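**Q** Pasting a structure here, questions to come.
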Amino acid sequence: MSYILSILIFLPLAAALIIMILPTSFRERFKYIALGTTIIQFIISVFIYLNFNNTASFAGVNKENQFQLLEKVSWIRLDLGSIGKLEIDYLLGIDGLSMPFLILSALVMFVATLASWEIKTNLKAFFALLLLLNTAIIGVFCALDFFLFYIFYELMLLPLYFLIGMWGGVRREYAAIKFFLYTLFGSVFMLLVIIGLYFSVVNPATGNHTFNMILMMDPANYLDGSIFSSITDQGILGISARLLAFIVLFVAFAIKVPVVPLHTWLPDAHVEAPTPISIILAGLLLKVGGYGILRVCFSIFPDAALSSAWWLGLLGVISIIYGALNALAQTDLKRLIAYSSVSHMGFVLLGIASCTTEGVSGAMLQMISHGGLSAMLFFLVGMIYQRVHDREIANFRGLALIMPQFTVFVMIAFFASLGLPGFSAFMAEAFSLIGAFTSQDVNGLLPRWMAIAGSLGILLSAAYFLWTLQRMFFGQTRLKGGDEWLVRLTDVNLREKFALIPLAALALLLGIFPGLVFSKMNTSVLAFIQMISG
Amino acid sequence: MNDFIPGISYSIDNTLGSLGFFLPEIVLVIGFLVVIISDLFLTHKNKQICFILTLITLLIAGFLSFTSLNSVSASLFGGMIRLDHQAILFKLLICAASILFVLFVRFNKALQSTGKGTGDMHSILLAVHLGLSLMVMSANLLMIYLSVEMVSVGSYLMVGYSSRNAKQSEAAMKYALFGAVCSAIMLYGISLLYGFTGTLDLGDPSFISGILAIQDFSWGLAIVMVLVGIAFKLSLVPFHFWSPDVYEGAPTPVTAFLSTAPKIAGFALLINFLWVFQPMGVGGLSNSLFNFNSVLGAVAILSMVIGNFGAIWQNNVKRMLAYSSIGHTGFMLMTLFVFSESGFKALIFYMAIYVIMNMAAFMMVDEIEERSGQKDIDGYKGFGKYIGLLMTGMVIVLISLTGLPPTAGFTAKFLVFSAAWEAFKLSGSPILMAMIMTGAISTVISLFYYFKIPMNAFLRDSESPSVLLPVTPKTYLSLFLVFLLILFMIFPSLLLRLL
């Protein structure tokens, strides 16, 4: 029981090793091994969800003993002479801020594995890398030691590079290395901040310099006169060291989210990546960015976060509007959805920046909701692309007549995404905007016009989704490929239904009963707000 | 003359007493002689006799060093050399590099098939190894010069060992000329220092007092001249011009050796030399007599920038690795600014990992070159399909060279950054911040050029499948090194507890 998180993390790694060892003649079985792994993970994560204790004494956030399923093994101890001893632990644990992501990860991974049926070449490498990526993502959501967190965080890049680069589209080389360099640029500087942090923070129990993120959240653990101490705020080249560290960490995670203007890798990576990888990118990778902002940036540097909340809110609003306007201008369906992701993730940033209970809850729900919806949208695009190898919006018309079931799923996904009441995105965006709106009264961080500008984003997303629906699905059937495409554009098959129905169900369920998520994370969000507002 | 007579018995006692600490070097000398003799008389019976004898010699020398790891430090041979924990660690690293080199030579087709055989290569190696050991331990300016020359002469021979074409001869010639000029400058610096202070012993108090009595400019110039010789060994910018040509022209095992062992010894020497200018009990080089911080900081930044940017434009794999090793050396320099235990720990750990990954990288490059004839990154197209296992191992080595998890290269890089941070914290000097920033940015740049290899091997397809010869033991040897890279990531304490 106490090793349940380790099992969740390393199960896919074990499966990857099995796939590596099995001879290539088992090629057709690999996908079932991967699928079986994700199903087991899903069952475990549902089990964790059901047994999750949501009372205030298990809120977590900045109290180590309140984390659940805690695992702590001492890993690296190094005597550094004059500085003191260094302490790195294998420390895992979950609270209300991370637990929802475990279910989301298992679900999105399941869908991505089902989408991998379209992969035909080099199956061994593909599934081994996919499972390695799975390990890294779950690891990021569970790690509470910054060193461990960073290792999992960086470990995500490598499989993604090869997954985009080897199975991607025409410009895959460019997209893969651009993605890798962009993210690495952010994370290398993050490493420097981590080093500065462990110099500053001492574990009060042992007197060692520690990487424990929870201890980093308590200002009392900072050494007097250390570089990131909040009492004697030191400067690096004239800027407050804590503010600088916050900015560096924020940029690292903002690249992942992505926040405009650091988003330019995303359209390339999404368009060139094969469908399962697009699903993982949109469904999980972007959430790692949002989770990092909550768990690392805001929790460790709350003072700097509060003082820059206005700018974060502004970046959120810019992302919402800019992403939506770009989506309106796209002619490629996958690019459109990629930009819609930028826009929707803007709500996450806006909600977090408001530093209100409503806003942060909304941001969390938005991440879960968008994780499911974007996976669904990319899966749907992948279905068309797999059938006719084209996804230009202008090349399709009247698809509703030939693919009625597909159209139903598309309508669910589109309406859910544009924030129709009754679907998860409505709840999530509403709460984010309420948070932004009340912020002026509650803590005075965000002005009201940001909430109003943000709601403009909902309007724009309605415009681009409905316009696309009208162009591609309604009217007389007219296809660029003529009769040949007519034959190839078959309706949804059983495997695809298996992938789409859980995602559609999630969107509806969270839209009607958002309490399913809210109730589990509420105490943690309250503890989080209390911590950052000091 | 009579003045020296009472000293004789003391000298003899001192020398005899020192011999006990000198066992690994004595083993090397005996091994050297045995290898030369058996090369003359026994090679026709057993072609690999020199290989076996050299390997045994190195293992014994390494073992002897290892057993004395925790002994107290001692000044030997009248202060000519100084043995301490740190010197033994450096010697062990050099020993590891030599052992890997010997195995590499054993399975390298080009060297095995030269007309002269590999006997001389092995005896030269043992001589160079001896020189490197002395370099690590030297505590006297004359000893420094002698050991550096011993290593240099041996290295020239190694580089030109199988020179069959103009390129290899050019490499050896360039190396010898450049090396000769640099050591001449160094010798001139040493003679100036001797003239200023009247002593060659770095530990002698009159050395510092003598220097202080001289004008700043004069002793600054003399020290810079000595540093030139060391910088040449380390191929630091601006004394790096030889390295890409030599690395490309030399036989690949020699390149692998030159990019590791002499650098380890060079760093040890640099530490020994800088130690003198370290006032007792005060941390940070900024407090020493000569402002090394700016000089070394500038050299580190330049080496990282030129090494990494130079590597981007290379198409020959060995040249690329040469430039990248300039960058790595600049990166390693960052550990010296703390000039304390934690800095040296970081340096030694980084070097240990660097030996493993660099040796593995060159072995893989050599394996690919032998099996397919490809020397260029462009030529690696589609190799992921044909030699998947080897290329996968190579990807892990390249990740480690970049310094990313899950490899020990990351842990090493992390420790170096820690040391540099500590130095910045102590001194707060902006050049250290600039250096740390350069280190971080060069990581991103290095990813770009290292990943040209997997990009060609895995992301691109070749038009025609290359002819591939069968696997050699080098593949398994390099994969074992890859295994070590992952092992030391998960259990760094295996190495760290030795430090």
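The values are calculated or read from the model by the stated rules, or taken from the named source; none is laboratory data. Just so it is clear, the model here is predicted, and its values are computed rather than measured. Virtual Cβ from ideal backbone geometry, glycine too; neighbours counted across all protein chains shown. The area values use the complete protein model at the heavy-atom level, side chains included, leaving out ligands, DNA and RNA. Shrake-Rupley method; radii C 1.70, N 1.55, O 1.52, S 1.80 Å.
**Q** Restricting the search to segment B:375-428, which residues are open to solvent by less than 10 Å² (accessible area, probe 1.4 Å), more than 9 Å from chain A (Cβ to nearest Cβ), assigned to a loop (DSSP other than H, G, I, E, B) and under 19 Å from B:Ser324 (Cα atoms)?
**A** Within segment B:375-428, B:Thr407 is the sole residue that qualifies.
**Q** Say whether the condition of being farther than 19 Å from B:Phe51 by Cα and buried (at least 23 other Cβ atoms within 10 Å of the Cβ) is met by at least one residue in segment B:118-132.
**A** yes
Residues checked against (1) at pLDDT below 90; (2) within 21 Å of A:Ser374 (Cβ to Cβ); (3) surrounded by fewer than 21 Cβ atoms within 10 Å (Cβ to Cβ):
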residue: A:Asn443; (1), (2), (3): yes, no, yes
residue: A:Ile452; (1), (2), (3): no, no, yes
residue: A:Ala463; (1), (2), (3): no, yes, yes
residue: A:Lys480; (1), (2), (3): yes, no, yes
residue: A:Val492; (1), (2), (3): yes, yes, yes
residue: A:Ile501; (1), (2), (3): no, yes, yes
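**Q** Looking at (1) of a type in the set (Val, Ile, Thr); (2) modelled with pLDDT under 85; (3) over 30 Å from B:Ser340 (Cα atoms), find the lone condition where A:Ile83 falls short.
**A** The one condition A:Ile83 does not meet is (3).
**Q** Could you tell me which of the residues B:Ile453, B:Ile431 is part of a helix (DSSP H, G or I), open to solvent by 10 Å² or more (accessible area, probe 1.4 Å) and away from every other protein chain (no Cβ under 11 Å)?
**A** B:Ile431
**Q** Another question about this same structure. Exactly one of (1) more than 14 Å from chain B (Cβ to nearest Cβ); (2) at pLDDT below 85 is unmet by A:Leu107. Its number?
**A** (2)
**Q** Looking at A:Phe126, A:Phe101, A:Phe147, can you tell me which residue is surrounded by 23 or more Cβ atoms within 10 Å (Cβ to Cβ) and more than 14 Å from every other protein chain (Cβ to nearest Cβ)?
**A** After ruling out the rest, the residue left standing is A:Phe101.
**Q** Could you tell me whether segment A:257-266 includes any residue that is touching a residue at least 24 places away in the same chain (Cβ under 8 Å) and under 12 Å from the mean Cα position of the chain (by Cα)?
**A** Scanning segment A:257-266 turns up at least one residue that is touching a residue at least 24 places away in the same chain (Cβ under 8 Å) and under 12 Å from the mean Cα position of the chain (by Cα).
**Q** Can you name the number of the only condition in (1) under 26 Å from the mean Cα position of the chain (by Cα); (2) open to solvent by 60 Å² or more (accessible area, probe 1.4 Å); (3) within 14 Å of another protein chain (Cβ to nearest Cβ) that A:Ile9 fails?
**A** Tallying (1) under 26 Å from the mean Cα position of the chain (by Cα); (2) open to solvent by 60 Å² or more (accessible area, probe 1.4 Å); (3) within 14 Å of another protein chain (Cβ to nearest Cβ), A:Ile9 fails exactly one: (2).
**Q** Shifting gears a bit: Just name the residue that is farthest from A:Leu215 (Cα to Cα) out of those in segment A:31-74 that are hydroxyl-bearing (Ser, Thr, Tyr) and loosely packed, with under 15 Cβ neighbours inside 10 Å. Walk me through how you get there before you give the answer.
**A** First, the residues of segment A:31-74 that are hydroxyl-bearing (Ser, Thr, Tyr): A:32, A:37-38, A:45, A:49, A:55, A:57, A:74.
So of that shortlist, the ones also loosely packed, with under 15 Cβ neighbours inside 10 Å come out as A:32, A:55, A:57, A:74.
Values: A:Tyr32: 42, A:Thr55: 22, A:Ser57: 18, A:Ser74: 15 Å.
For segment A:31-74, the residue satisfying everything is A:Tyr32.
**Q** Which of the numbered conditions does A:Arg335 fail, given that it passes all the others? Conditions: (1) surrounded by 24 or more Cβ atoms within 10 Å (Cβ to Cβ); (2) in a helix (DSSP H, G or I).
**A** (1)
**Q** Any idea which of (1) more than 24 Å from A:Phe528 (Cβ to Cβ); (2) of a type in the set (Gly, Ala, Ser); (3) open to solvent by less than 60 Å² (accessible area, probe 1.4 Å) is the one A:Ser25 doesn't satisfy?
**A** With respect to (1) more than 24 Å from A:Phe528 (Cβ to Cβ); (2) of a type in the set (Gly, Ala, Ser); (3) open to solvent by less than 60 Å² (accessible area, probe 1.4 Å), A:Ser25 is out only on (3).
**Q** Would you confirm whether or not segment A:216-224 contains a residue that is within 13 Å of another protein chain (Cβ to nearest Cβ) and either at positive phi or not in a helix (DSSP H, G or I) (or both)?
**A** Yes, segment A:216-224 has at least one match.
**Q** Could you say whether any residue in segment B:460-480 is in a loop (DSSP other than H, G, I, E, B), open to solvent by 30 Å² or more (accessible area, probe 1.4 Å) and within 11 Å of chain A (Cβ to nearest Cβ)?
**A** Yes.
To keep it simple, each residue is scored yes or no on (1) at pLDDT below 90; (2) under 20 Å from B:Phe448 (Cα atoms); (3) of a type in the set (D, E, K, R).
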| site | (1), (2), (3) |
| --- | --- |
| A:Arg171 | yes, yes, yes |
| A:Tyr174 | no, yes, no |
| A:Asn203 | yes, no, no |
| A:Thr206 | yes, no, no |
| A:Asp224 | yes, no, yes |
| A:Ile236 | yes, no, no |
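**Q** Can you tell which of A:Lys120, A:Lys72 is over 24 Å from the mean Cα position of the chain (by Cα), more than 24 Å from A:Ile280 (Cα to Cα), more than 11 Å from chain B (Cβ to nearest Cβ) and not in a helix (DSSP H, G or I)? Break it down stepwise before answering.
**A** Details: A:Lys120 fails: more than 24 Å from A:Ile280 (Cα to Cα).
That would be A:Lys72, the only listed residue that is over 24 Å from the mean Cα position of the chain (by Cα), more than 24 Å from A:Ile280 (Cα to Cα), more than 11 Å from chain B (Cβ to nearest Cβ) and not in a helix (DSSP H, G or I).
**Q** Here is a follow-up. Would it be correct to say that A:Thr183 is hydroxyl-bearing (Ser, Thr, Tyr), open to solvent by less than 20 Å² (accessible area, probe 1.4 Å) and under 26 Å from B:Thr411 (Cα atoms)?
**A** The answer is yes for A:Thr183.
**Q** All but one of (1) surrounded by fewer than 23 Cβ atoms within 10 Å (Cβ to Cβ); (2) touching a strand residue (DSSP E or B) at 6+ places or on another chain (Cβ under 7 Å); (3) within 14 Å of chain B (Cβ to nearest Cβ) hold for A:Val251; which doesn't?
**A** Checking A:Val251 against (1) surrounded by fewer than 23 Cβ atoms within 10 Å (Cβ to Cβ); (2) touching a strand residue (DSSP E or B) at 6+ places or on another chain (Cβ under 7 Å); (3) within 14 Å of chain B (Cβ to nearest Cβ), the one that fails is (2).
**Q** Please tell me if B:Ser442 is crowded, with 20+ Cβ neighbours inside 10 Å, out of contact with any Leu (no Cβ under 7 Å at 6 or more places or on another chain) and within 8 Å of another protein chain (Cβ to nearest Cβ). Break it down into steps so the answer makes sense when it comes.
**A** On the way: crowded, with 20+ Cβ neighbours inside 10 Å: yes; out of contact with any Leu (no Cβ under 7 Å at 6 or more places or on another chain): yes; within 8 Å of another protein chain (Cβ to nearest Cβ): no.
Criteria not met by B:Ser442.
**Q** Further question on the same structure: Looking at segment B:88-115, which of the residues that are small (Gly, Ala, Ser) and either open to solvent by 20 Å² or more (accessible area, probe 1.4 Å) or more than 18 Å from B:Ile348 (Cα to Cα) (or both) is modelled with the lowest pLDDT?
**A** Of segment B:88-115, the ones small (Gly, Ala, Ser) are B:96-98, B:110, B:113, B:115.
Now restrict to residues that are either open to solvent by 20 Å² or more (accessible area, probe 1.4 Å) or more than 18 Å from B:Ile348 (Cα to Cα) (or both): B:96, B:110, B:113, B:115.
Values: B:Ala96: 94, B:Ala110: 84, B:Ser113: 83, B:Gly115: 77.
Out of the qualifying residues, it is B:Gly115.
**Q** Hey, among A:Phe162, A:Phe189, which residue is facing another protein chain (nearest Cβ under 7 Å), open to solvent by 10 Å² or more (accessible area, probe 1.4 Å), touching a residue at least 40 places away in the same chain (Cβ under 8 Å) and part of a helix (DSSP H, G or I)?
**A** Only one candidate passes the filter, namely A:Phe189.
**Q** A further question on this structure: Would you tally the residues in segment A:404-427 being part of a loop (DSSP other than H, G, I, E, B) and more than 18 Å from A:Phe378 (Cβ to Cβ)?
**A** 4
**Q** Do we have any residue at all in segment B:8-23 that's of a type in the set (Asp, Glu) and open to solvent by less than 90 Å² (accessible area, probe 1.4 Å)?
**A** Checked against the condition, which is being of a type in the set (Asp, Glu) and open to solvent by less than 90 Å² (accessible area, probe 1.4 Å), segment B:8-23 yields no hits at all.
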